[in-house]
Amino acid sequence: MLSVAGNNDANPATHFGRQMRKERLARGWSVHEFGKRTGISAGHVSRIENGRRPPTETVAAACDQVFPERKGWFSEYYQEMRTWAPPGFRDWPEYEDRAATIREWSPMVVTGMLQTADYARAMLAVHPGVTDEIIAARLGNRMDRQRRVLLRDDPPSAVYVIDHAALHRLVGSAGVMAGQMRHLASIAAMPNVVLQVLPAVACPATQGGFLLADDAAFAETVVGGYVYVAEETVTTLARLFDTLRGECMKISESAALLERMAEQWATGASQVTPAATAATA
């Protein structure tokens with residue numbers, strides 16, 4: 001059994017543009033006619049409809065005015081866009097928030113749950129078509145999730161496997177990376193957390209990350225993800241996670257490596273690889 005978000009568009013701006021075009025064409029309006037009615041230039045209308053530009057709050061309000069039958073859908077969807085999560089991930093909090101145990105593997109980058117605000121902001125900024133406003137809203141959502149899960153009164157027992165490559169992949173700046181390494185070290189010192197680094201060896205889960213929360217799992221791809229609750233699937237992923245841990249450095253070795261990496265980034269001595277991928281939600 002899997003759960004999938006209602007909107008299958010990986011980019012919510014694309015879905016907004018499609019809905020705007022659908023309503024415009026249903027009324028027989030050209031982009032120029034639509035522009036006259038809304039005060040939006042025809043060129044900008046075309047770019048939004050084709051997903052090349054994200055909408056703004058003003059555009060959403062104008063659409064609600066000329067499409068009253070949608071009963072404020074455009075403004076409501078725009079507000080939802082600002083805290084957008086990958087398709088499928090919106091179902092995940094109901095499992096994560098009540099979990100007694102959490103396990104997670106994230107290839108290539110530091111998982112969203114363990115990111116500093118600076119690291120998260122730099123990762124969110126690489127999404128195509130995002131505005132400063134949307135980045136700020138998604139950042140707030142990510143930080144709220146961290147507080148809700150790791151800092152709640154009864155935090156779960158958590159195990160995180162960190163990819164060695166994530167320690168060397170430049171996100172933002174060397175200063176951002178130094179701060180991220182120190183943050184990982186502080187998280188690793190929490191009594192309910194185990195954090196281990198998977199060294200640069202062949203492993204069976206390079207294609208995507210996944211999370212386990214008691215008897216549920218979330219597996220991510222580049223275009224979204226799925227929540228799984230079928231026992232067979234969750235058990236398979238749990239075994240895969242144990243396999244990854246079997247290849248990991250010891251807890252003490254991982255902690256020592258994070259300290260060294262923090263120092264290397266702070267002094268500019270680390271070998272860096274520019275980030276080219278987006279992080280999990």
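The values are calculated or read from the model by the stated rules, or taken from the named source; none is laboratory data. As the structure is a prediction and not an experimental result, all values here were calculated from the model. Cβ atoms come from the backbone with ideal geometry, glycine included; neighbour counts cover every protein chain shown.
For E231, the conditions (1) in contact (Cβ under 8 Å) with a residue 12 or more places away in the chain; (2) surrounded by fewer than 14 Cβ atoms within 10 Å (Cβ to Cβ); (3) within 16 Å of S106 (Cα to Cα); (4) among the charged types (D, E, K, R) all hold with the exception of (3). Among the residues making up the stretch 58-82, those that are surrounded by fewer than 16 Cβ atoms within 10 Å (Cβ to Cβ), in a helix (DSSP H, G or I) and free of Cβ contacts under 8 Å to residues at least 24 places away in the same chain are T58, A61, P68, E69, E76, Q79. Within the stretch 190-205, track down each residue that is without any contact (Cβ under 8 Å) to a residue 60 or more places away in the chain and not in a strand (DSSP E or B). Across the stretch 190-205, the qualifying residues are M190, P191, N192, P199, A200, V201, A202, C203, P204.
Among the residues making up the stretch 18-32, those that are more than 32 Å from the chain's Cα centre (by Cα) and exposed (fewer than 14 other Cβ atoms within 10 Å of the Cβ) are L25, A26, R27, G28, S30, H32. A166 fulfils the conditions (1) without any contact (Cβ under 8 Å) to a residue 60 or more places away in the chain; (2) among the small types (G, A, S); (3) farther than 30 Å from F16 by Cβ except for a single criterion, (1). Looking only at the stretch 129-168, residues that are within 18 Å of E259 (Cα to Cα) and buried (at least 19 other Cβ atoms within 10 Å of the Cβ) come to 6 in all.
Has the stretch 118-139 got at least one residue that is farther than 28 Å from G51 by Cβ and without any contact (Cβ under 8 Å) to a residue 60 or more places away in the chain?
Here is the first cut: in the stretch 118-139, the residues farther than 28 Å from G51 by Cβ are 118.
Adding the requirement that they be without any contact (Cβ under 8 Å) to a residue 60 or more places away in the chain leaves none.
The answer is no; no qualifying residue exists.
Does any residue of the stretch 143-156 turn out to be on the phi > 0 side of the Ramachandran plot and either out of contact with any Phe, Trp or Tyr (no Cβ under 9 Å at 6 or more places or on another chain) or assigned to a loop (DSSP other than H, G, I, E, B) (or both)? Steps first, answer last, please.
First pass over the stretch 143-156, keeping only residues on the phi > 0 side of the Ramachandran plot: none.
Among the residues of the stretch 143-156, not one is on the phi > 0 side of the Ramachandran plot and either out of contact with any Phe, Trp or Tyr (no Cβ under 9 Å at 6 or more places or on another chain) or assigned to a loop (DSSP other than H, G, I, E, B) (or both), which makes the answer no.
When T243 is tested against (1) crowded, with 19+ Cβ neighbours inside 10 Å; (2) in a helix (DSSP H, G or I), exactly one condition is not met: (1).
Based on what the data block shows, is R37 in the same structural domain as A216 (by TED's automatic domain parsing), assigned to a helix (DSSP H, G or I) and either buried (at least 20 other Cβ atoms within 10 Å of the Cβ) or not aromatic (F, W, Y) (or both)? Give the steps one after another, and end with the answer.
Details: in the same structural domain as A216 (by TED's automatic domain parsing): no; assigned to a helix (DSSP H, G or I): yes; either buried (at least 20 other Cβ atoms within 10 Å of the Cβ) or not aromatic (F, W, Y) (or both): yes.
Taking the combined requirement at face value, the residue does not satisfy it.
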